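The numbers here are math on the coordinates, done by the rules we state, and not lab data. Here the structure is a predicted model, which means the values were calculated and not measured.
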Amino acid sequence: MDNPLLIAFIGLAATVVVMLAVLVWVLRVNTRLKRDLLRLEGIVKVNCNDIAGLCNAAVTVDNRINTTESQLNELWGQLDQYQQQAERNIEESAHPYSGDIRKVRSGASVDELMQSSGLTHDEAALLIRLHGSSQR
């Protein structure tokens, strides 16, 4: 066994066997990594589709919220108008002369009040003195 050529050949054979073993191991790891990569690409694709669906749903919900909010604001405006109208109706029903007072404030004369409202001369004159403009 002192032959250097035999020792070199055995060393070379051992190196080749080790390299073949490493090559088989690398090929197995490579195959496993390719399989894992394909599986992960599938998962990523499913997740992208899920995210796209969620974004679409979010846009739809946002549009519905905006529509509902604008309808709600419109209803609040109508409610305010109805409330103001009800308050005016209550004020008008509380004062039997409220329509006549408005006429006086818009510049009606004693004769106009007597004709349109059926007031006496004294009542029309009193309303004008109490509620008429100070320029008269």
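Only Cα pairs under 8 Å and 6+ residues apart enter the sum, and on that basis the relative contact order of segment 14-136 stands at 14 percent.
Once Rg and Dmax of the Cα atoms in Å is calculated for the structure shown, the corresponding label among (1) 14.8, 49; (2) 14.0, 41; (3) 48.8, 151 turns out to be (3). Only helices enter this figure: runs of n ≥ 4 DSSP H residues, each worth -39500 (n - 2.57), summed and divided by the residues of the chain, yield -31500 deg cm²/dmol at 222 nm to the nearest 500.
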